[in-house]
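Working notes, structure below.
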Amino acid sequence: MRLSLVTDAWHPQVNGVVTTFSTVVEGLRAQGHVVDVIEPGAYRTVACPGYPEIRLALAGRAVGRRLRAFAPERVHIATEGPLGWAARRYVRRRGWRYTTSLHTRFPEYVRARVPQFPLRWGYAALARFHGDAAVTLVASEGMRGELAARGFDHLNVWRRGVDTRLFTPGAAFDPGLPRPLYLYVGRVAREKNIEAFLELPLAGAKAVVGDGPDRARLERAWPQVVFAGYRRGHDLAAWYASADALVFPSRTDTYGVVMLEALACGTPVAAYPVTGPADIVRPGVTGQLDEDLARAGEGCLSLSRAACAAFAREHDWAAVVGEFLARTVPVTPAAACD
């Protein structure tokens, strides 16, 4: 099978979308499928406003030429950025069937920076982008319910996985910090609601693993917190495994792969009872959900780390890759020969 994957999020970016699709591409190729990844690195780019580490591709018609030359049997458009919109225009003009996935609550992200921005405008843009797709993949039942209530249809749940060979309780090290150690992992940006974590009246120590546009400001405001920057591979696993709890303060994430990674390392998750965490955390077993995030964090300290790791092992990447492939659709035979 020949698959074109179009994504505005790719290496060297560090986020859940990149983690998910790079693993899926590796899995598909291992099965003998031919995958062409259309991503920003192949084109001239500009920095995303407010996120200089995110590059936006200026590709235009080059995306269509790439799709035509590759002649895919299936097309999946992963993101609503410039590449995604360019691919959507091309496949719609030719009557190709295609699938999309919705990973990010962009309307809420914009409102976090521009409070007067109407959410309905953002969701209208998302509905337009995904409206003609044969299937739109979402990460959880909770997200499917929310989008369905906003008028989205042809939604299908596609769960996420975790590499339990890399993320393991055995990766722990001694960070030399007071206990308990509460950890945040992710982009350091306003929409992630990190300040809700930093302000918590918790005994012990706090650490932030990740980077982003708000890091310098937050480091100045909370000098007692360890800001470790980006960590990858075994180094990232070591931070997860060495923490007593992962605190996930976001109210806008559609899922949160970092929660699965932490659980695989035996570390329970404290989060708000919102979509994303509510689809992953089993209260009293793998973490705690509470509007009082400090109480949720403290409640994690008595939970079984073995139970957390066992839950993560249920999320096998091989099954996730198979689910993705099963949810994609063929383009029409006539369009494939165009």
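The values are calculated or read from the model by the stated rules, or taken from the named source; none is laboratory data. No experiment lies behind these values; they were computed from the predicted model shown. Cβ coordinates were reconstructed from backbone atoms using ideal geometry, including for glycine residues, and neighbour counts include every protein chain displayed. Just the protein is used for accessible areas: all its heavy atoms, side chains included, with ligands, DNA and RNA removed. Shrake-Rupley method; radii C 1.70, N 1.55, O 1.52, S 1.80 Å.
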Can you tell me which residue in the stretch 1-46 is most open to solvent (accessible area, probe 1.4 Å), limited to those that are among the basic types (Lys, Arg) and farther than 27 Å from residue 164 by Cβ? 44
List the number of the failed condition for residue 136; all other conditions in (1) within 19 Å of residue 264 (Cβ to Cβ); (2) among the hydroxyl-bearing types (Ser, Thr, Tyr); (3) at pLDDT 95 or above hold. (1)
For residues that are closer than 16 Å to residue 296 by Cβ and either small (Gly, Ala, Ser) or outside any loop (DSSP other than H, G, I, E, B) (or both), tally how many sit in the stretch 195-220. 6
Mind checking which residues of the stretch 113-129 are part of a helix (DSSP H, G or I) and open to solvent by 40 Å² or more (accessible area, probe 1.4 Å)? 113, 120, 121, 124, 125, 127, 128
Which of the residues spanning the stretch 80-112 are of a type in the set (A, V, I, L, M, F, W, C) and either open to solvent by less than 40 Å² (accessible area, probe 1.4 Å) or out of contact with any Gly (no Cβ under 9 Å at 6 or more places or on another chain) (or both)? 83, 85, 86, 87, 91, 96, 102, 112
Pair list, Cβ < 7 Å and 6+ apart or interchain, from the stretch 21-36 residues that are of a type in the set (S, T, N, Q) to residues that are assigned to a helix (DSSP H, G or I) and crowded, with 18+ Cβ neighbours inside 10 Å: 23/317
Filter result (within 21 Å of the chain's Cα centre (by Cα) and part of a helix (DSSP H, G or I)) within the stretch 142-194: 142, 143, 144, 145, 146, 147, 148, 190, 191, 192, 194
Residues of the stretch 181-208 that turn out to be open to solvent by 30 Å² or more (accessible area, probe 1.4 Å) and hydrophobic (A, V, I, L, M, F, W, C), as a count: 1
Across the stretch 157-180, which residue is surrounded by the most Cβ atoms within 10 Å (Cβ to Cβ) among those that are without any contact (Cβ under 8 Å) to a residue 40 or more places away in the chain and not basic (Lys, Arg)? 157
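Which of the helices (runs of 4 or more DSSP H) contained wholly in the stretch 241-332 include at least 2 residues that are touching a His at 6+ places or on another chain (Cβ under 9 Å) and crowded, with 19+ Cβ neighbours inside 10 Å? Before you say what the answer is, go through the steps one by one.
Numbers: elements: 257-264, 293-300, 305-312, 317-327.
Helices (runs of 4 or more DSSP H) meeting the threshold: 257-264.
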Across the stretch 207-226, the tally of residues that are in contact with a helix residue (DSSP H, G or I) (Cβ under 9 Å, 6 or more places away or on another chain) and in contact (Cβ under 8 Å) with a residue 40 or more places away in the chain stands at 3
Long-range neighbours under 8 Å by Cβ, at least six apart or interchain, first residue more than 30 Å from residue 25 (Cβ to Cβ) within the stretch 298-319, second of a type in the set (S, T, N, Q) and assigned to a loop (DSSP other than H, G, I, E, B): 303/286; 305/267; 307/286
With respect to the numbered conditions (1) of a type outside the set (D, E, K, R); (2) open to solvent by 40 Å² or more (accessible area, probe 1.4 Å); (3) under 27 Å from residue 142 (Cβ atoms), which one is the sole condition not fulfilled by residue 76? (2)
